[in-house]
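Below is one structure, written out as structure tokens; the observations come after it.
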Amino acid sequence: MAAPPCVTIALRDAGLDAVLDEFRRQVPGVTFELEKNAWTAACRVRELILRDEPWRSALEALADAASAEIDEVSATQLRLVRTPRLCLVASKAPIQTVARLMSCGFVRVDADPAVMGTLSLSMNDVPWKAAVQSIVDALGACHVEFEANAAHILPGGTPAPVPVARGRRHSRERENTTVTFNVREASVAVLVAEFRRQVPCMNFVLDDSGWAADFLVPEFAVAGQPWRRALRAFAEKTGAAVDELSSTLLRVSRPGRVTFGFKTAPVAEVVKLLARLSRINFVMSPDVDGTVTIAIKDMPWPEALDCILKAAGRFMAIHRRDGIVRIVAGELPPPPVIEVAEMVEDLVRENPSQESGKTVEALIAGLGSDEIAERDAAMTKLCAKGACVARIVGEAWKKADGMELKSLLERVIRRLWGEP
């Protein structure tokens, strides 16, 4: 199967029609349309800089930048639109009540009487179709049928899938790219532009709304570092979050930080406060319940939400591309093993020695593999290296999150220490 066409765009302060003209020019065989109204006429894209990005993920990046939605008329006809948006807050409300509240002069939402369940949610300026779909996903055992300006929530359907963490499958050339920075008093935009220049195999989109207009990084210096490690150092210094939108597209933003404390409070009320403080949109499934005692101080809201859900029980937050957070019972899959390899690699670089440098190469090569035999072979090699690796892997184990991941590292530790 042929690879999808890629686009290269470098535009600032451009109208939507001008940006779509680039898609029309570079993606033959696909029709790109723009809904004509007062909003699309006035909308300007502050910045869209992409190099050889698959056109569909590039179009999604444009929609994000313009606060628009993509209406897929057909496989070869796409329209950029801005649909009616909803503002709604509810606490343990029956689905029929939620559906009535969502209905307004622009859209109509109804729920079949056979669809049962109560929801807590907070949504502000959310595209109405995304809002309805997130509610259906949170309820489970139902589905939605959309018409032009109506939605019908009906019984039956499979639960929305939980995202599966996967190891990265990037090219060796891409992962081996190194960067060098030595800047002082630089803005986030300047640093991201420098990442674009030094890492031409990746695209970076910047949402700088989370930083003050006069925010400057006092100093950022790295020399010949792998670009992903340098990007993590940049994120720690600036409070940034990096989201991987595709294998070649990263979004850099700064989540709001929160401070609060609760003692034996209903988890739904704690999440509602978090939503008000950080202006997030969420929907909570009916089986999320219980109380929580927690104190949060100056923490990014995604981390605060994870802390709340872990303290409350076996609950998880699923972040949708449209910005709505779905909170459901269960646990997210553990991160891919390659992330443990990167974690251990960082620890080794912080505690350099010739022996640990050699052993970590085997860890990265073996534990990053999808083949169980290769992972076991890597463990055997590591176990021959002695206590140095035991200490390093032990530190990584303390930071690891996910029982499967901890189980794997625990096997390494036991064999290093000579235990059965």
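The values are calculated or read from the model by the stated rules, or taken from the named source; none is laboratory data. If you're wondering where the values come from, they're calculated on a predicted model, not measured in any experiment. No Cβ is skipped: glycine too gets one built from the backbone with ideal geometry, and neighbour counts run over all protein chains shown.
Quick one: which strands (runs of 3 or more DSSP E) sit completely within the range 274-326 and have at least 1 residues that are farther than 15 Å from Leu139 by Cα and of a type in the set (A, V, I, L, M, F, W, C)?
Fully inside the range 274-326 and qualifying: 291-300.
Just checking, does the range 294-304 include any residue being aromatic (Phe, Trp, Tyr) and within 30 Å of Leu59 (Cβ to Cβ)?
The answer is yes, given that some residue of the range 294-304 is aromatic (Phe, Trp, Tyr) and within 30 Å of Leu59 (Cβ to Cβ).
Look through the range 131-145, keep the residues that are modelled with pLDDT of 90 or more and outside any strand (DSSP E or B), and return whichever of them is farthest from Ala66 (Cα to Cα).
Residue satisfying both the conditions and the ranking: Val136.
Among the residues in the range 28-46, are any in contact with a helix residue (DSSP H, G or I) (Cβ under 6 Å, 6 or more places away or on another chain), in a strand (DSSP E or B) and of a type in the set (A, V, I, L, M)?
Scanning the range 28-46 turns up at least one residue that is in contact with a helix residue (DSSP H, G or I) (Cβ under 6 Å, 6 or more places away or on another chain), in a strand (DSSP E or B) and of a type in the set (A, V, I, L, M).
Considering only the range 192-208, I want to know if a residue exists there that is in the same structural domain as Pro226 (by TED's automatic domain parsing), charged (D, E, K, R), part of a strand (DSSP E or B) and modelled with pLDDT of 85 or more.
No, every residue in the range 192-208 fails to be in the same structural domain as Pro226 (by TED's automatic domain parsing), charged (D, E, K, R), part of a strand (DSSP E or B) and modelled with pLDDT of 85 or more.
Looking only at the range 175-191, filter to residues that are hydroxyl-bearing (Ser, Thr, Tyr) and outside any strand (DSSP E or B); which one of those is nearest to Gly239 (Cα to Cα)?
Ser187
Could you check the range 77-116 and list, in sequence order, the residues that are within 28 Å of the chain's Cα centre (by Cα), part of a loop (DSSP other than H, G, I, E, B) and more than 16 Å from Glu147 (Cβ to Cβ)?
Across the range 77-116, the qualifying residue is only Arg82.
Return yes when Ser91 is of a type in the set (S, T, N, Q), within 18 Å of Phe282 (Cβ to Cβ) and modelled with pLDDT under 90 and no when it is not.
Yes, satisfied.
Residue by residue, here is whether (1) at pLDDT below 90; (2) closer than 26 Å to Ile135 by Cα holds:
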{"residue": "Glu22", "(1), (2)": "no, no"}
{"residue": "Trp39", "(1), (2)": "yes, no"}
{"residue": "Pro54", "(1), (2)": "no, no"}
{"residue": "Ser67", "(1), (2)": "yes, yes"}
{"residue": "Thr76", "(1), (2)": "no, no"}
{"residue": "Arg100", "(1), (2)": "no, yes"}
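This table checks each residue for (1) surrounded by fewer than 18 Cβ atoms within 10 Å (Cβ to Cβ); (2) at pLDDT below 85; (3) touching a Leu at 6+ places or on another chain (Cβ under 8 Å); (4) closer than 26 Å to Ser134 by Cβ.
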residue: Arg276; (1), (2), (3), (4): yes, no, no, yes
residue: Trp301; (1), (2), (3), (4): no, no, yes, yes
residue: Cys307; (1), (2), (3), (4): yes, no, no, yes
residue: Lys310; (1), (2), (3), (4): yes, yes, no, yes
residue: Ala317; (1), (2), (3), (4): no, no, yes, yes
residue: Arg349; (1), (2), (3), (4): yes, yes, no, no
residue: Gln354; (1), (2), (3), (4): yes, yes, no, no
residue: Lys358; (1), (2), (3), (4): yes, yes, no, no
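Does Arg251 fit the bill of being under 30 Å from Arg51 (Cα atoms), touching a residue at least 60 places away in the same chain (Cβ under 8 Å), part of a strand (DSSP E or B) and not assigned by TED's automatic domain parsing to the domain that holds Lys297?
In short, yes.
Can you work out which of the residues in the range 4-58 that are in contact with a Ser or Thr (Cβ under 8 Å, 6 or more places away or on another chain) and of a type in the set (Val, Ile, Thr) is surrounded by the fewest Cβ atoms within 10 Å (Cβ to Cβ)?
The extreme case among them is Thr31.
Taking the range 117-130 on its own, how many of its residues are in contact with a Pro (Cβ under 6 Å, 6 or more places away or on another chain) and not in a loop (DSSP other than H, G, I, E, B)?
Counting residues in the range 117-130 that are in contact with a Pro (Cβ under 6 Å, 6 or more places away or on another chain) and not in a loop (DSSP other than H, G, I, E, B) gives 2.
Give me the pairs, please: first residue somewhere in the range 37-50 and closer than 20 Å to Asn203 by Cβ, second residue anywhere and assigned to a strand (DSSP E or B), beta-carbon distance under 6 Å, and either six or more positions apart or on two chains.
Val45/Ala14; Glu47/Arg12; Leu48/Ile9; Leu48/Leu11; Ile49/Ala10; Leu50/Ile9; Leu50/Asn203
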